[in-house]
Amino acid sequence: MPTSTNDTMPSFDRLLVATDFSAASQAACHTAIDTCIALRASLFILHVFQPVKSGTPQATGQETARHVSEAQTHRDACLGALEAMRRQAVQAGVDCEAILGSGNITSTILDTISAKKINLAIMGTSALHGLDRIVFDSTTEAVLRQAPCPVLTIGPRAMNTEKALQSDGPVIFATDFHFITIHAIRFAACFSQLTASPLHCLHVMPRTLEACTQCQVVPAIMSEALQQLANESGVVFKSPICATTYGSEVSCAVEDYARQQNAKLIVLGVRKASLADSHAPLHIAYRIITEAPCPVLTMA
């Protein structure tokens with residue numbers, strides 16, 4: 001039986017958005033502000049400063065001084081951009097702190113998530129194809145794989161959608177029933193409840209089964225399994241809509257369903273090994289992130 005909401009409902013009251021001041025990061029920041037307003041959460045905006053490279057060991061004193069001056073100018077510009085983003089959040093009514101980090105980008109993001117007790121990280125990507133084109137390169141991949149909290153990624157399709165999380169559409173939990181990934185339904189249920197949105201549980205079946213008369217009972221079985229999964233999630237929420245669709249490509253089927261439903265959010269549980277395997281074909285999660293019409297929440 002489901003336990004009480006207070007015992008199991010994930011908390012989303014401390015959000016972090018990592019920015020490199022690109023267009024994708026700006027879209028992520030706008031989504032972070034909208035999400036904080038919807039969830040009544042506080043926001044931390046992080047930029048990991050990368051100083052310009054110093055001159056060669058043979059550089060003259062004048063050249064060294066110029067590099068130091070350029071590095072300081074660059075740092076001041078980053079601080080100014082961070083402050084502008086912080087003011088934007090505060091003007092929207094969000095309690096916000098700007099952080100200028102330094103060092104390894106991935107480690108700094110992960111360390112900040114731990115130090116600030118972040119329970120939702122937000123990142124943007126301008127990638128048009130999977131892993132190798134994601135913003136921050138291997139950084140975003142590493143954060144998705146290693147972060148102890150869910151990561152909300154704003155892909156290029158969602159980036160062009162104003163107020164993505166403010167739509168009237170549902171939260172979609174897409175699942176393949178793998179035991180490692182089904183726990184993510186708790187996060188889908190949480191967002192569904194916090195944003196007063198319908199929850200859709202979706203499973204994609206092979207296109208080859210669509211025309212099989214003997215397989216017509218399969219969608220009913222899948223719907224029953226999805227309903228049972230929702231009941232066992234440990235979160236009290238209204239009965240979800242359990243849908244089964246067909247597709248040769250799982251990612252395309254999920255994206256099509258999200259477009260048809262004008263989805264607010266797609267939630268995926270992902271396996272760390274799959275995220276880390278750069279030699280495999282583009283992972284389903286990355287395809288969905290880069291093509292989805294709405295933000296995608298992943299939990300590894």
### Nonlocal amide H pairs with Gly169, under 5 Å, H built at 1.01 Å
Lys264
### Calculated FRET value between Gln88 and Arg259, using beta carbons and R₀ = 30 Å, to 0.05
0.50
### Task
Just grab the label-to-label distance for Gln72 and Asp13, each label 7 Å out from Cα along the Cβ direction, in nm (one decimal).
4.3
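A short reminder: the numbers here are calculations on the coordinates, not readings from a lab. Note that the structure is a prediction, hence the values are computed from the model and not measured. Quick reminder, even Gly has a Cβ in these numbers, built from the backbone with ideal geometry, and neighbours come from all protein chains shown.
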